[in-house]
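Enquirer: Encoded as structure tokens, here's the structure I'll be asking about.
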Amino acid sequence: MALKITNECINCGACEPECPNKAIYEGGKEWKLSEGTSLKGIIKFKSLIDADKFQVPKSKKVYFIVTEKCTECIGFNNEPQCASVCPVDCCILDNIESKEELLKKKKMLHNEK
Ligand code: SF4
Ligand code: SF4
């Protein structure tokens, strides 16, 4: 699964540097798929996204997770690092993805075979 951040977030910023895929952004910040990954050009997820272009923030008020870049930390850590450090437990499981799908996503994000 990928995780999401709920509105209980107190904007402490502890989770952001812990993400191995740079999937976490401060509320109101534009984001790019290419940040923290090897992605370049047009990438197909549910829709087509230009990895090199800034995208609209997913939240204006609290930190948010870019689902496309969240792999539940698979291949890097044994458990989701954002959830581990969050003082108010507001990083929760969201999108349902199997371990195989998450590993495939991790390899795709970082251009691994
Ligand atoms: S679970 Fe891991 S990959 Fe997903 S947002 Fe949290 S720190 Fe990043
Ligand atoms: S660690 Fe939790 S409370 Fe702090 S910014 Fe991240 S999601 Fe929000």
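Enquirer: How many residues, within segment 16-54, are among the small types (Gly, Ala, Ser), touching a residue at least 24 places away in the same chain (Cβ under 8 Å) and out of contact with any Gly (no Cβ under 9 Å at 6 or more places or on another chain)? Outline the logic, then answer.
Expert: In the first step, residues of segment 16-54 are kept if they are among the small types (Gly, Ala, Ser); the result is 23, 27-28, 34, 36, 38, 41, 47, 51.
Pick out the ones that are also touching a residue at least 24 places away in the same chain (Cβ under 8 Å) and you get 23, 27-28, 36, 38.
When the remaining residues are screened for being out of contact with any Gly (no Cβ under 9 Å at 6 or more places or on another chain), the result is 27-28, 36, 38.
Residues flagged as among the small types (Gly, Ala, Ser), touching a residue at least 24 places away in the same chain (Cβ under 8 Å) and out of contact with any Gly (no Cβ under 9 Å at 6 or more places or on another chain) within segment 16-54 amount to 4.
Enquirer: Six or more apart or on different chains, Cβ under 7 Å: which pairs go from a residue in segment 86-105 that's within 15 Å of Ile24 (Cα to Cα) to one that's assigned to a loop (DSSP other than H, G, I, E, B) and near ligand 1 (Cβ under 10 Å from one of its atoms)? Could you list them?
Expert: Listed pairs, sorted by first residue: Cys86/Cys15; Cys91/Cys15; Cys91/Pro80; Leu93/Met1; Asp94/Met1; Asp94/Ala2.
Enquirer: Of the conditions (1) out of contact with any helix residue (DSSP H, G or I) (no Cβ under 7 Å at 6 or more places or on another chain); (2) over 16 Å from Lys58 (Cβ atoms), Glu18 fails just one. Which one is it?
Expert: Condition (1) is where Glu18 drops out.
Enquirer: Within segment 59-95, restricting attention to residues that are of a type in the set (Lys, Arg) and surrounded by fewer than 17 Cβ atoms within 10 Å (Cβ to Cβ), which residue is nearest to ligand 2 (Cβ to nearest atom)?
Expert: Residues of segment 59-95 of a type in the set (Lys, Arg): 60-61, 69.
Remaining after also requiring surrounded by fewer than 17 Cβ atoms within 10 Å (Cβ to Cβ): 60-61.
On the way: Lys60: 14, Lys61: 11 Å.
Among those residues, the one meeting the criterion is Lys61.
Enquirer: Right, another one. Restricting segment 15-48 to residues that are surrounded by fewer than 17 Cβ atoms within 10 Å (Cβ to Cβ) and hydrophobic (A, V, I, L, M, F, W, C), which is nearest to ligand 2 (Cβ to nearest atom)?
Expert: The qualifying residue nearest to ligand 2 (Cβ to nearest atom) is Phe45.
Enquirer: Also: Which residues, counting only those in segment 1-14, are closer than 10 Å to Phe64 by Cα and buried (at least 17 other Cβ atoms within 10 Å of the Cβ)?
Expert: Passing the criteria: Leu3, Lys4, Ile5, Cys9.
Enquirer: So, one more: Kindly establish whether Thr71 is touching a Lys or Arg at 6+ places or on another chain (Cβ under 7 Å) and not acidic (Asp, Glu).
Expert: Numbers: touching a Lys or Arg at 6+ places or on another chain (Cβ under 7 Å): yes; not acidic (Asp, Glu): yes.
Criteria met by Thr71.
Enquirer: Which residues, taken from segment 2-37, are of a type in the set (Asp, Glu) and assigned to a loop (DSSP other than H, G, I, E, B)? Can you show your working first?
Expert: If we filter segment 2-37 for residues that are of a type in the set (Asp, Glu), which is where we start, we get 8, 16, 18, 26, 30, 35.
Within segment 2-37, Glu8, Glu26, Glu30, Glu35 meet the criteria.
Enquirer: While we're here: Out of segment 7-51, which residues are within 13 Å of ligand 1 (Cβ to nearest atom) and of a type in the set (A, V, I, L, M)?
Expert: Once the filter is applied, which keeps residues that are within 13 Å of ligand 1 (Cβ to nearest atom) and of a type in the set (A, V, I, L, M), segment 7-51 yields Ala14, Ala23, Ile24.
Since every read-out is calculated from the coordinates, none of them should be taken as a lab result. Remember, it's a predicted structure, so these values are computed and weren't measured experimentally. Cβ coordinates were reconstructed from backbone atoms using ideal geometry, including for glycine residues, and neighbour counts include every protein chain displayed.
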